[in-house]
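The structure follows.
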Amino acid sequence: MASISDIHSDEIGSGTDSKPNLVNRLHESRSPYVRGHMHNPVAWQLWDSEAIDLAKRYNRLIFLSIGYSACHWCHVMEKESFMSPEVAAILNESFIPIKVDREERPDIDDVYMNYVQATTGSGGWPLNVFLTPNLEPVFGGTYWPGPNSSSHRRLGADGPIGFLDILEKLRDVWRTQQARCLDSAKEITKQLREFAEEGTHAQQGEREVDEDLEVELLEEAYKHFVSRYDTVNGGFGRAPKFPTPANLSFLLRLGMYPSAVSDIVGQDECAKATAMAVNTLIKIARGGIRDHIGNGFARYSVTADWGLPHFEKMLYDQAQLLDVYVDAFRLTHEPELLGAVYDIVNYLTSSPIQSPTGGFHSSEDADSLPTPNDTEKREGAFYVWTMKEFQQVLGQRDAGVCARHWGVLPDGNVAPENDPHDEFMNQNALSIKVTPSKLAKEFGLSEEEVIKIIKNGKQKLREYRDRTRVRPDLDDKIIVAWNGLAIGALAKSSILLEDIDEAKAAQCREAAAKAVDFIKKNLFEPSTGQLWRIYRDGSRGNTPGFADDYAYLTSGLLNLYEATFDDSYLQFAEQLQQHLNTHFIAPGRNSTTTAGYYTTSSTPIDGVPGPLLRLKGGTDSATPSVNGTIARNLLRLAALLEDDKYRTLARQTCNAFSVEIMQHPFLFVGLLDAIVGLEIGIRNITGVLCTSDTSESTVPLAEGVVGKADEKLSGKDLVIKKVRAEAGLAASTSTATVALVDVRPSTSGADVQNKSEWLKSRNPLFKDLKPGTPPKNFLLICEVGSCRTVDL
């Protein structure tokens, strides 16, 4: 049912007068978001068999509300509706209300988000859906104004329908038209099931479709982004603007692939793709979406110019943005991009996002108390500023310079239409409006003086903010999937920074390694290869890992291997991939083929209802495509381990989505990268250490390798540098991998611990490698089915 107005109350159906004695059970949850609602008058239930049995026993619709801790509109709806006695009365009397944390149960969220997007044309959080006792959707949407909504009162009859009206209508419809509701829900579920067949259409034909997935699809995807590019503000489409790092990574990769790709897509097109991505990243770095006083980036911007964010900070955004800023800097050497890299690294490697135990916490809220004495939270209160505060903290002259730099106005810089709750009156969201060089001319100062004023001003504002304001609430869940993204981004950053800032590079590696150790110790079962999704408050929950947990962590481990050449990370990555292959893989049309990977394991969670449907995610969105990530992991494992079965699985995973990819390639940019690796081949560059010679040598730098040319290096460091130089920019794509194998005698002294013993036994090409006479280090380059050696 796409519209509440389509429901009529002229039929009498079955019902029941018996009533359960509902009490709010959310204190039983471990989720900070869910627990945040345990004092609501709504008698919230958990997503478990007990709650579903209540709906069946008392023949009630389920009201399912899904959100997450940092979600601003989730907090608004709680304040307006879920704290309302009027709303609570009807929910408790006529429905079974269930609260779910989308970060804990993404499988549940995905199913009903697909439904709401299909029936309303949009989605978001809070996600609110009415379900039959069999979990089939009847009606759904996102935020609905509550009886205490200021915007609803202001707009009156012209505004959106209120939540109370929806509740009353659904209550009456279920009482009087239950048979019609059930029939409609079954039909909707049938359509959802067909929609969920994404990734199986290619399996239904009589012929193989391998030849249809060609590199030319990159050009079609590129044209889509060109058509939607905002030439003024960067980004794509209109407000609200999301960074969507997966799409920016796609555009950057067009300039990082081997020339075989630019020969097909076009050199000018690849250069324009780079320019669009880089311009967007600079606009984001200058925009209000960035925390210019602290560190980190908000989830998205309300305005097209990136000026006014929703202020929540998500771990998965920081990780993906870090990854894409690293690539953008490698391509351009633009200092602003490197500044963003440092910004995000600092955010990830400090409190509150980095846990003292080693993992990374999930998010920080958008809303907070303006001062410790306030009782009402306000959106962005921790981040916005008045001109009066600038003058008070910085003094008259410096306040003038900093206010011009960050766009601070006496009456505030937030337009009334972007302030529905009057939270930003006289407030300013900071974004870089005027550069130091222009400020120098305007204020009659040297550019060095201006930079010093801005730097000192930032420090003073940060100290003032930390001293006088209440930091937004932290969602301290440690989620394996998002930690995997952070591990991979930090590992990649360490490779970039090792030639720029050795201390910062080491900090990145140590933070990534510490997170891996934490997960391995607390959220991994070595005997089965199973991951658990969430750790919080001293222990793990009972939710087993989903496909994204395995996919993103495997990707992070492969990045960390390439940053450290410690093959224990590679071994762990393969163990996780093997678990995916056993428990998540979808069968193909015959016993020798597969059709991608399901979101959920084939083993159900004890005592907890599973999702209505098992989905297979192929598209990229706020997070990378799960099947795209898996396909790329499989290709990297195939090259690093010289194991063709992984290459076959990668091809079958891509082919499973071939129909959808050919229709809308721009939705599948992660899978497109894997297709490039499959079509033009992947080069594995292995450095082979044969001698413990530590005499100093020099090596010139290659494309994408930042540092001082002709730098003096030890023998081992020379090999590593040569490996990275040979891989070049392609190392950020699915067309190149790097490895290091140490075949020196165990008594050779330079490295007491050989970190490639497992890899030597696992990769058949390395089993017979010997130092040679005389021993000398070399590169082993394997591509297109053959290998060659390169002397150093």
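Just for the range 70-93: of the residues that are open to solvent by 10 Å² or more (accessible area, probe 1.4 Å) and of a type outside the set (D, E, K, R), which one is nearest to H310 (Cα to Cα)?
W73
May I ask you to list pairs of residues, at least six apart or on different chains, whose Cβ atoms are under 6 Å apart, with the first in the range 342-354 being closer than 12 Å to E510 by Cα and the second being open to solvent by 10 Å² or more (accessible area, probe 1.4 Å) and not hydrophobic (A, V, I, L, M, F, W, C)?
Note: pairs meeting the criteria are T349/Q507.
Could I ask something else about it? Just to be sure I understand, how many residues within the range 10-26 are closer than 24 Å to E86 by Cβ and either at pLDDT 95 or above or open to solvent by less than 70 Å² (accessible area, probe 1.4 Å) (or both)?
Step one: filter the range 10-26 for residues closer than 24 Å to E86 by Cβ, giving 15-26.
Pick out the ones that are also either at pLDDT 95 or above or open to solvent by less than 70 Å² (accessible area, probe 1.4 Å) (or both) and you get 15-16, 18, 20, 22-26.
The qualifying residues number 9.
Here is a further query. Does G407 satisfy being open to solvent by 10 Å² or more (accessible area, probe 1.4 Å), touching a Leu at 6+ places or on another chain (Cβ under 9 Å) and in the same structural domain as V434 (by the TED database)? Break it down stepwise before answering.
Details: open to solvent by 10 Å² or more (accessible area, probe 1.4 Å): yes; touching a Leu at 6+ places or on another chain (Cβ under 9 Å): yes; in the same structural domain as V434 (by the TED database): yes.
Answer is yes for this residue.
Name the single residue, out of those in the range 756-791 being in contact with a helix residue (DSSP H, G or I) (Cβ under 6 Å, 6 or more places away or on another chain) and open to solvent by 40 Å² or more (accessible area, probe 1.4 Å), that is farthest from T691 (Cα to Cα).
Going through the qualifying residues, I end up with R762.
Considering the range 308-331 alone, what residues qualify as being modelled with pLDDT of 95 or more and in contact with a strand residue (DSSP E or B) (Cβ under 9 Å, 6 or more places away or on another chain)?
Listed by number, the residues that qualify are L308, P309, F311, E312, K313, M314, L315, Y316, D317, Q318, A319, L321.
May I pose another question? Quick one: what pairs do we get from the range 318-337, first residue in contact (Cβ under 8 Å) with a residue 24 or more places away in the chain, second β-branched (V, I, T) and assigned to a loop (DSSP other than H, G, I, E, B), C-beta under 8 Å, 6+ apart or different chains?
Listed by first residue and then by second, the contacts come to Q318/I353; Q320/T623; F329/V706; R330/V706; H333/V706.
What number goes with the only condition from (1) at pLDDT 95 or above; (2) under 16 Å from L613 (Cβ atoms) that A118 does not pass?
Going through the list (1) at pLDDT 95 or above; (2) under 16 Å from L613 (Cβ atoms), A118 breaks only (1).
Among the numbered criteria (1) in contact with a His (Cβ under 7 Å, 6 or more places away or on another chain); (2) open to solvent by less than 10 Å² (accessible area, probe 1.4 Å), which single criterion is violated by P352?
(2)
Moving on. Q396 - would you say it is open to solvent by 50 Å² or more (accessible area, probe 1.4 Å) and not hydroxyl-bearing (S, T, Y)?
Spelling it out, Q396 is indeed open to solvent by 50 Å² or more (accessible area, probe 1.4 Å) and not hydroxyl-bearing (S, T, Y).
Check the range 728-740 and report whether any residue there is open to solvent by 10 Å² or more (accessible area, probe 1.4 Å), assigned to a strand (DSSP E or B), modelled with pLDDT of 95 or more and closer than 22 Å to Q575 by Cβ.
Yes: one or more hits.
Yes or no: the range 312-327 includes at least one residue that is open to solvent by 10 Å² or more (accessible area, probe 1.4 Å) and either farther than 26 Å from R509 by Cα or in contact with a Leu (Cβ under 7 Å, 6 or more places away or on another chain) (or both).
Yes: one or more hits.
Now, a different point. Which count do you get for residues in the range 751-777 that are modelled with pLDDT of 95 or more and of a type in the set (A, V, I, L, M, F, W, C)?
Residues that pass the stated criteria total 2.
P472 versus (1) within 21 Å of the chain's Cα centre (by Cα); (2) in a helix (DSSP H, G or I): which is the lone unmet condition?
Exception for P472: condition (2).
Looking at (1) surrounded by fewer than 20 Cβ atoms within 10 Å (Cβ to Cβ); (2) modelled with pLDDT of 95 or more, find the lone condition where A650 falls short.
Status for A650: all satisfied but (1).
Separate question: I need the full set of residues from the range 670-691 which are assigned to a strand (DSSP E or B) and in contact with a Cys (Cβ under 6 Å, 6 or more places away or on another chain), in order please.
The one that is assigned to a strand (DSSP E or B) and in contact with a Cys (Cβ under 6 Å, 6 or more places away or on another chain): N684.
Let me ask something additional. Select from the range 404-427 the residues that are in contact (Cβ under 8 Å) with a residue 24 or more places away in the chain and in contact with a helix residue (DSSP H, G or I) (Cβ under 7 Å, 6 or more places away or on another chain) and list them in ascending order.
Within the range 404-427, R404, H405, P420, H421 meet the criteria.
The values are calculated or read from the model by the stated rules, or taken from the named source; none is laboratory data. Quick caveat: nothing in here was measured; it's all calculated off a predicted structure. Note that each Cβ is placed from the backbone with ideal geometry, even for glycine, and that neighbours are counted across all protein chains shown. Heads up: the accessible areas ignore ligands, DNA and RNA and are worked out on the full protein's heavy atoms, side chains in. Shrake-Rupley method; radii C 1.70, N 1.55, O 1.52, S 1.80 Å.
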